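Each remark here refers to the structure printed beneath this line.
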Number of protein chains: 2
Amino acid sequence: MAARPGLDPEAVLQAAIALADREGLEQLSLASLAAALHVKTPSLYNHIKGLPDLKRQLSRRGLILVKDAMVEAVIGKSEDAALLAAGLAYVGFARKQPGLYEAVTAPLTDYEDPELQEAGAQVVSFLLKLLAPYGLSEEDALHVVRGFRSLVHGFASLEGQNGFRMGLDRDESLRRLLQTYLLGLRAGSGRK
Amino acid sequence: MAARPGLDPEAVLQAAIALADREGLEQLSLASLAAALHVKTPSLYNHIKGLPDLKRQLSRRGLILVKDAMVEAVIGKSEDAALLAAGLAYVGFARKQPGLYEAVTAPLTDYEDPELQEAGAQVVSFLLKLLAPYGLSEEDALHVVRGFRSLVHGFASLEGQNGFRMGLDRDESLRRLLQTYLLGLRAGSGRK
DNA sequence: TATAATAACTAATGTTATTAGTTTTGTAAA
DNA sequence: TTTACAAAACTAATAACATTAGTTATTATA
């Protein structure tokens, strides 16, 4: 019947996110995290199960937040404008929280984690809603969702690893990529 | 004037690639690599500078090989057919050598490594050649290169982290993604 | 005020990367 | 054939890290 304040799991997660965004996900260790929290490493085990568990939590939180960012971005928009806004918001999130986004895309130790699957399913479900007005079959819509996710994740990932070196406006590249894909969708809707 | 055979840097690299492809890049450690080579860990330092150096070499080799795979795939093809073949080859490479491809896309310790920049530049240069027949301005072509790389890398990366869960044909998703983008390129070439 | 839940700690273990210094060995020159 | 040396592989040692076990300290509540 008596607790003791101090850290809690959410505070540890927040500190881990801050550290990952600031220094990169590879720099996130229990040692560096404990130091940032002015605590000894083993104390963290009162709040997390271990480093793999912490990274799993980062992945999940990142997925939730990137979806939230897209949801926010499409308010009052529909069809191409909504998809464009969602794509820009996705990449914007990856830029603002690079370490957290890295965690989303990091090779998972556990592909089968149900919390991660749920978070991923919410992203897919959100995109399917944006596609509803296009009147696609369920199968067609799922292919498009895969395409859209590939687009935005690929762009965000390459940008995040400094893959775009030329002095060419990156926002312009992203806008063109999304618009070209959307144009292709319109142009191809008659086709098989 | 006298050497002593045994391992050499290329053999170490090959073993590292095999291990990464088999077990995943995270499982690649100097300890596991040395064990696979029936050697003690410090012996590896006769052939590589250390673990970061080894991973850098993997990145570079992966970039070269993925480009080679695309070059091979476009023989005798041009325009949309060539870009489609290149995209399929890119993803095919990531599927066949998942650990090596992971290394290509892993967050680098050293963005500025000239060897990696050179390898990346060769990929860009190759794609620019494929785009030549489209008669785009240099700037337009560079935007398209970014788009194409985003497409294929995003797809390969999501697929590699088991991001595509639905029982939906993945090759079909990839083909549609590439075709939709190419269609958008054609449709949009009059526009700004 | 006393208690109990629990956060934080110390101590210890095992893994890993890395460096320094030593031994071994195969080849090329004598 | 013998010898010398270059380089590969080794042993030993250190430092960083994650993790577990067991102990101490603290604080909200009964």
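Spin-label pair A:ARG175-A:ASP113: with each label point 7 Å from Cα along the Cα-Cβ axis, the two points sit 3.7 nm from one another.
Modelled label positions at B:ASP140 and A:ALA35, each set 7 Å beyond Cα in the direction of Cβ, lie 5.2 nm from each other. The orientation-averaged projected area of the convex hull spanned by the Cα atoms of chain B comes to 13.9 nm². The B:ALA18 and A:LYS77 beta-carbon pair, evaluated with R₀ = 41 Å, returns a calculated FRET efficiency of approximately 0.25. Over the protein assembly as shown, accessible surface divided per residue gives 50 Å², non-protein components excluded, 1.4 Å probe. Taking chymotrypsin sites (Phe, Trp or Tyr not before Pro) across region B:107-167, the ones in a DSSP loop with at most 16 further Cβ atoms lying within 10 angstrom of their Cβ are B:TYR111.
In the elastic network of chain A, a GNM with C-alpha springs shorter than 10 Å, the most mobile of A:LEU142, A:LEU54, A:LEU168 is A:LEU168.
With a simple spin-label model that places each label point 7 Å from the Cα along the Cα-to-Cβ direction, the separation between B:LYS49 and A:GLN27 comes to 2.1 nm.
Which order do A:MET70, B:MET166 take when ranked by solvent-accessible area (1.4 Å probe, heavy atoms of all protein chains), largest first?
Most to least solvent-accessible, the answer reads B:MET166, A:MET70.
Computed over protein heavy atoms with a 1.4 Å probe, the carbon and sulfur contribution to the accessible area of chain B reaches 53%.
Of the Cα atoms belonging to the protein assembly as shown, the radius of gyration and Dmax stand at 22.1, 78 Å.
By a straight-distance test (C-alpha under 21 Å), which lysines pair with A:LYS40 as possible cross-link partners, with residues fewer than eight away in the same chain excluded? Reachable lysines: A:LYS49, A:LYS55. What separates the A:SER43 label point from its copies, with the point 7 Å along Cα to Cβ, is 4.5 nm, written shortest first.
Largest GNM mean-square fluctuation among B:ALA119, B:ALA73, B:ALA81, using chain B with Cα springs under 10 Å: B:ALA81. Heavy atoms of chains B and A lose about 4100 Å² of accessible surface on contact, summed over both sides with a 1.4 Å probe.
What is the extension gain from B:MET166 to B:GLN122, computed as 0.36 nm multiplied by their sequence separation minus the C-alpha to C-alpha distance, in nm to one decimal? The partial results should precede the final answer.
On the way: separation 44, 0.36 × 44 = 15.84 nm, distance 3.52 nm.
That pair, B:MET166 and B:GLN122, stretches by 12.3 nm at full extension.
Projecting 7 Å from Cα along the Cα-to-Cβ direction, the label point of B:GLY6 sits 5.0 nm from its equivalents in the other copies, listed shortest first. Contact order for region A:40-176, expressed relative to its length and based on alpha carbon pairs under 8 Å spaced 6+ residues apart, stands at 28 percent. Label-to-label distances for B:GLU118 across copies, nearest first, come out at 5.1 nm, using points 7 Å from Cα in the beta-carbon direction. The charge dipole of region B:1-127, taken about its Cα centre with unit charges on the Cβ of Lys, Arg, Asp and Glu (plus for the first two, minus for the last two), comes to roughly 400 debye.
The values are calculated or read from the model by the stated rules, or taken from the named source; none is laboratory data. Not measured: the values here are computed from a predicted model. Counting neighbours? That spans all protein chains shown, and the Cβs are built from the backbone with ideal geometry, glycine included. Surface accessibility is based on the protein's heavy atoms, side chains included, excluding ligands, DNA and RNA. Shrake-Rupley method; radii C 1.70, N 1.55, O 1.52, S 1.80 Å.
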